[in-house]
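For reference, the structure is listed below as structure tokens.
The values are calculated or read from the model by the stated rules, or taken from the named source; none is laboratory data. Note that the structure is predicted; figures quoted are calculated from it, not measured. FYI the Cβ positions are ideal-geometry reconstructions off the backbone, even for glycines, and counts take in every protein chain you see. Protein only, heavy atoms only, side chains kept; ligands, DNA and RNA dropped before computing areas. Shrake-Rupley method; radii C 1.70, N 1.55, O 1.52, S 1.80 Å.
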Amino acid sequence: MAKIKNEAAYKAALRRVEQLEELVDDDNPVMDDNAMELDMLVDMIEEYEDIHYPIGKPSLIDTIKLRLYEMNITQSKLAEMLGISPARVSAIMTGKCEPTLKVGREICLKLNISPNIVLGV
């Protein structure tokens with residue numbers, strides 16, 4: 001299969017995908033020429049993006065910040081929920097210390113964060 005070799009080709013492929021999306025009927029499973037071209041371009045774009053625009057794993061701190069924002073919770077409230085001091089939460093949030101296994105478990109349960117993120121795997 002062909003590959004996208006540079007940024008100009010990548011941008012051209014993105015523009016072509018936009019054009020093809022208007023022509024391809026998602027409700028119709030028939031693979032016409034436009035649908036086949038769209039499918040191939042999307043695969044090529046994904047391969048290029050995996051190499052040139054990789055998405056890293058989220059950090060525990062960033063994930064906790066996001067969940068606090070989503071749940072409209074302050075660090076003080078989080079300290080109450082986890083049964084630890086606000087100073088300890090602050091130390092975790094600034095990266096000065098890592099949560100204990102017990103606190104990590106509570107973070108998973110109370111904030112609905114994957115154990116993989118808490119454990120850094």
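Each row is one residue, and each column tells you yes or no for (1) touching a His at 6+ places or on another chain (Cβ under 8 Å); (2) among the basic types (Lys, Arg); (3) assigned to a helix (DSSP H, G or I).
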| site | (1), (2), (3) |
| --- | --- |
| Glu70 | no, no, yes |
| Ser76 | no, no, yes |
| Met81 | no, no, yes |
| Ile84 | no, no, no |
| Arg88 | no, yes, yes |
| Ile92 | no, no, yes |
| Glu98 | no, no, no |
| Val103 | no, no, yes |
| Ile107 | no, no, yes |
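Across segment 4-38, the number of residues qualifying as open to solvent by less than 80 Å² (accessible area, probe 1.4 Å) and in a helix (DSSP H, G or I) comes to 14.
The residue that is modelled with the highest pLDDT, among those in segment 59-80 that are within 13 Å of the chain's Cα centre (by Cα) and either on the phi > 0 side of the Ramachandran plot or exposed (fewer than 13 other Cβ atoms within 10 Å of the Cβ) (or both), is Asp62.
Out of curiosity, is Ile55 touching a helix residue (DSSP H, G or I) at 6+ places or on another chain (Cβ under 8 Å), of a type in the set (Val, Ile, Thr) and closer than 26 Å to Ile117 by Cβ? Answer is no for this residue. Selection of segment 47-57 for residues being part of a helix (DSSP H, G or I) and surrounded by fewer than 11 Cβ atoms within 10 Å (Cβ to Cβ) yields Asp50, Ile51. Here is the figure for segment 81-121: residues that are open to solvent by 50 Å² or more (accessible area, probe 1.4 Å) and either in contact with a Phe, Trp or Tyr (Cβ under 9 Å, 6 or more places away or on another chain) or in contact (Cβ under 8 Å) with a residue 40 or more places away in the chain (or both) total 2.
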